Amino acid sequence: MERPTISVLINNYNYGCFLPRAIDSALRQRASDAEIIVVDDGSSDQSRSVLEGYEKRVKVLFQENQGQAAAINAAVKASSGDILCFLDADDWWAPDKLSATAAAFQSNPHASLVYHRLQPTQTDGSMAFKPIPRTLCSGDLSLRLARSAGWWPFPLTSAIAVRRSAWKAAGDIPEQFHISADAWLTGIYPFLGDVVALSDSLGFYRIHNNNWYRPVDDAAMLRKRLAHWRTVVDATNQFLSVHGLAGRLRLADHFPYRVASARLEGADARTRFRLAAEGLFFAGEPNLLRRMREALRTVRDLPRRGQAVSLSESAR
């Protein structure tokens with residue numbers, strides 16, 4: 001079987017200070033035949049001058065600020081590879097990332113999406129905590145997503161690669177995903193083919209104040225997450241309907257959504273018990289031990305009614 005061609009697609013917005021490490025990690029891949037495309041989404045920092053230094057080695061596109069989805073869509077449109085590998089400008093990859101990804105697609109002809117773990121790091125690049133996601137999911141995930149309102153231990157953008165044929169079937173990322181565009185990739189592509197998980201940490205995820213993923217949320221972030229999850233469920237159901245695919249998602253099955261709502265509103269004893277029971281049977285987390293721990297943590301950490309999380313307080 002002929003080796004698939006690879007496109008590396010880097011989206012950037014005001015991450016000029018991190019951008020060189022991301023681009024260099026793509027240039028230093030052992031699979032050295034990949035094309036590299038960087039789309040700058042209207043940055044106002046030093047990104048342009050950084051990118052001008054790479055224009056002989058990578059393809060650079062500049063556009064007005066339109067959001068992450070538009071930047072990724074533009075990168076895909078300018079690319080030609082069979083495999084599309086996404087990289088956020090504040091992250092970077094290990095040298096074997098592309099070769100491992102290409103081999104996984106080559107060995108799994110029905111795969112629409114291949115992913116791996118990422119090692120979270122502090123802003124200075126030092127290790128933060130264990131690689132994410134902890135639980136790995138492979139195979140046909142469509143039934144699991146249908147029972148969990150689309151939630152699973154999903155990878156983040158810099159860990160994701162998809163087939164171009166699957167991209168064509170799914171279409172561009174809808175522009176309402178102006179942030180967290182990976183939610184479209186991880187929410188839709190499992191309905192288009194198999195998912196392959198690689199256990200190694202083949203990339204590094206830098207934690208800073210602009211991240212969507214974080215270990216602690218305040219009330220403002222909880223509200224953003226609730227709105228985002230509603231958008232994801234609505235967009236997924238619209239996609240399933242348009243493409244004549246079976247199943248529809250229900251927010252009632254989305255355990256993290258229900259927990260976030262309870263953190264904002266506060267919970268009485270009955271609510272705590274109900275959520276703990278739902279957590280034990282939540283279809284989105286395949287690992288029983290992690291389900292049990294999360295269910296117990298939910299009971300322990302939910303604020304009481306009248307003591308809901310405020311804008312300045314943390315919800316752990």
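The values are calculated or read from the model by the stated rules, or taken from the named source; none is laboratory data. Small disclaimer: the values here were computed from a predicted structure and weren't measured. Methodologically, a virtual Cβ is constructed for each residue, glycine included, from the backbone with ideal geometry; neighbour enumeration extends over all protein chains shown. Ligands, DNA and RNA are stripped out before the accessible areas are found, and what is left, the full protein with its side chains, is counted by its heavy atoms. Shrake-Rupley method; radii C 1.70, N 1.55, O 1.52, S 1.80 Å.
If only residues of segment 277-316 that are charged (D, E, K, R), open to solvent by 100 Å² or more (accessible area, probe 1.4 Å) and at pLDDT below 85 are counted, the one that is farthest from L136 (Cα to Cα) is R305. K59 meets the stated requirement of being over 24 Å from G187 (Cα atoms) and of a type in the set (K, R). Would you check which residues across segment 286-300 are among the β-branched types (V, I, T) and without any contact (Cβ under 8 Å) to a residue 24 or more places away in the chain and list them? If the condition is that a residue be among the β-branched types (V, I, T) and without any contact (Cβ under 8 Å) to a residue 24 or more places away in the chain, then no residue fits. Within segment 167-186, one or more residues are modelled with pLDDT under 95, in contact with a Ser or Thr (Cβ under 9 Å, 6 or more places away or on another chain), surrounded by fewer than 16 Cβ atoms within 10 Å (Cβ to Cβ) and not in a helix (DSSP H, G or I). The set of residues in segment 82-126 being assigned to a loop (DSSP other than H, G, I, E, B) and either within 15 Å of the chain's Cα centre (by Cα) or crowded, with 21+ Cβ neighbours inside 10 Å (or both) consists of A89, D90, D91. Taking the listed residues R48, R57, the one that is without any contact (Cβ under 8 Å) to a residue 60 or more places away in the chain, open to solvent by 10 Å² or more (accessible area, probe 1.4 Å) and not in a loop (DSSP other than H, G, I, E, B) is R48, with no other qualifying.
Among the residues of segment 61-98, none is identified as of a type in the set (S, T, N, Q) and closer than 17 Å to A197 by Cβ. Among the residues of segment 10-45 satisfying the criterion of being touching a residue at least 60 places away in the same chain (Cβ under 8 Å) and part of a loop (DSSP other than H, G, I, E, B), which is nearest to F204 (Cα to Cα)? Per the stated criteria, the residue is F18.
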